[in-house]
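**Q** I have a structure I would like to understand better, so I am pasting it below and will then ask my questions one at a time.
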Amino acid sequence: MAGFTESLPPPIFISICVSFLAPTDVLRLRLVNRATNKLASSEIVWESHLQMLWKGKVQSNAYQHAKSAIERCYARTSAAEAATNTLASFSVGSATTSSLLLKEYGASIRDAHRQEITKEELCRLDWNFRFKKSAGRDWTSWDPWHNDALSDDDQTARIFSFLPDGLVMQRDGEHGELHEAFAETTIGRNVLERPEDVLPHRLKMQWRFIDRPLDFEDRPTGAFVRLNVGGREVPTYV
């Protein structure tokens, strides 16, 4: 290990050490003088902090934007720099890349306080879906989570994909095909008195954003998602 660290140029070695500091301490270090400002602003430091910040997080629009911007910035690195393989020739990174990494770190921190989901984020991912037991037999009767499992360990949630046109499709398995959601049974609210409430085998599901459900206060678009299942409104998801 000593041989490896001794082979590193001093700025690289110090920047690696600085990357282990907390972000707030790194920012304070930037204020000491020009030399520490350069070390504490290096791409080595902030790329490390960005990776830790994003680790295990859902990929929001801010993440996607930052990732694309950083990749474009790195792609502009000159061929001569990209072809250099010796540690001794490495620097602490370009000012442009370092500035971008620091900027995107700040944007990601600010975005973490957002409590609304965008249409792009909702439609980018697949979502596990099940009804709560408290929803009643009316809704749980066609949900495999409540009907197929022999024990809690066997329970499997459906996988739904929200499409930009407002449709909700079911996916067969993690990488399966999309199709309309299907009902496990045809139990309705009251089959004898209201046969029109019997759920068909195939169900058209739709989604939309709403700003104020029931007795909630108004929230920005993206705070509440409402589903329509077979023509019937489902309680709002926050």
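Each reported figure results from applying straightforward, stated rules to the coordinates on display, with no laboratory input. Values in this document were obtained by computation on a predicted structure and should not be read as measured data. Every residue, glycine as well, gets a Cβ built from its backbone with ideal geometry; the counts of neighbours run over all protein chains shown.
**Q** Exceeding 32 Å between C-alpha atoms, which entries from my cross-link table qualify? They are K132/K204; K55/K204; K57/K133. Write down the numbers at each step before the final one.
**A** Working: K132/K204 20 Å; K55/K204 36 Å; K57/K133 28 Å.
Beyond 32 Å: K55/K204.
**Q** Between I16 and D111, what length comes free when the chain is fully extended (0.36 nm per residue of separation minus the Cα-Cα distance, one decimal in nm)?
**A** Numbers: separation 95, 0.36 × 95 = 34.20 nm, distance 2.68 nm.
Answer, rounded to one decimal: 31.5 nm.
**Q** Given R₀ = 22 Å, FRET efficiency for E120-R232 by Cβ-Cβ distance, to 0.05? Don't skip to the end; give the middle numbers.
**A** Working: r = 27 Å, r/R0 = 1.25.
The calculated FRET efficiency here is 0.20.
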